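Written out below as structure tokens is the structure these notes cover.
The values are calculated or read from the model by the stated rules, or taken from the named source; none is laboratory data. All values derive from a computational prediction rather than experimental measurement. With ideal geometry, Cβ positions are generated from the backbone for all residues, glycine too; neighbour counts draw on all protein chains shown.
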Amino acid sequence: MIQNNLFHFMKGVEAKARSTDPETSFEAAESIMPKLNEIQQQVEEYAISRNRFGFTDYEMNEHFNHTGSTYRSRRAELADRGVIIDTGRRKQRGEGGRNHIVWMHRDYK
């Protein structure tokens with residue numbers, strides 16, 4: 001049975017902007033802070049729902065009806081903590097499109 005252990009990984013997590021980013025990036029990072037836990041939990045739940053099939057960042061953004069980097073960044077944070085893993089598979093988007101990493105929840109490894 002898969003258990004949602006997301007909150008064990010949340011210590012010290014915060015939205016980030018590079019020192020070379022414009023002021024608007026810092027404002028965006030600050031504005032997302034209250035929702036970080038919620039969005040990471042949504043991403044983890046999505047990964048669990050995709051089970052062994054996995055998902056690409058593009059598919060995840062389609063699922064959440066989002067085009068920016070918010071969900072991809074939360075997936076990357078979960079990947080850094082080992083909650084979401086690279087399956088080693090790649091999926092091409094569209095004819096002649098580039099390959100995308102297929103991610104999945106670690107409990108389906």
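If we keep just the residues of the range 63-94 that are part of a strand (DSSP E or B), of a type outside the set (Lys, Arg) and closer than 20 Å to Asp107 by Cα, which is nearest to the chain's Cα centre (by Cα)?
Ile84
Among the residues of the range 55-109, which ones are among the β-branched types (Val, Ile, Thr) and touching a strand residue (DSSP E or B) at 6+ places or on another chain (Cβ under 9 Å)?
Of everything in the range 55-109, those that are among the β-branched types (Val, Ile, Thr) and touching a strand residue (DSSP E or B) at 6+ places or on another chain (Cβ under 9 Å) turn out to be Thr56, Val83, Ile84, Ile85, Thr87, Ile101, Val102.
Considering every residue within the range 78-90, establish whether at least one is closer than 26 Å to Ser19 by Cα, surrounded by 15 or more Cβ atoms within 10 Å (Cβ to Cβ) and among the β-branched types (Val, Ile, Thr).
So far as the range 78-90 goes, no, none of its residues is closer than 26 Å to Ser19 by Cα, surrounded by 15 or more Cβ atoms within 10 Å (Cβ to Cβ) and among the β-branched types (Val, Ile, Thr).
Ser19: of a type in the set (Gly, Ala, Ser), assigned to a helix (DSSP H, G or I) and modelled with pLDDT of 60 or more, yes or no?
Considered against the rule, which asks whether it is of a type in the set (Gly, Ala, Ser), assigned to a helix (DSSP H, G or I) and modelled with pLDDT of 60 or more, Ser19 comes out as no.
Does Ala47 satisfy being within 12 Å of the chain's Cα centre (by Cα), surrounded by 18 or more Cβ atoms within 10 Å (Cβ to Cβ) and free of Cβ contacts under 8 Å to residues at least 60 places away in the same chain?
The answer is yes for Ala47.
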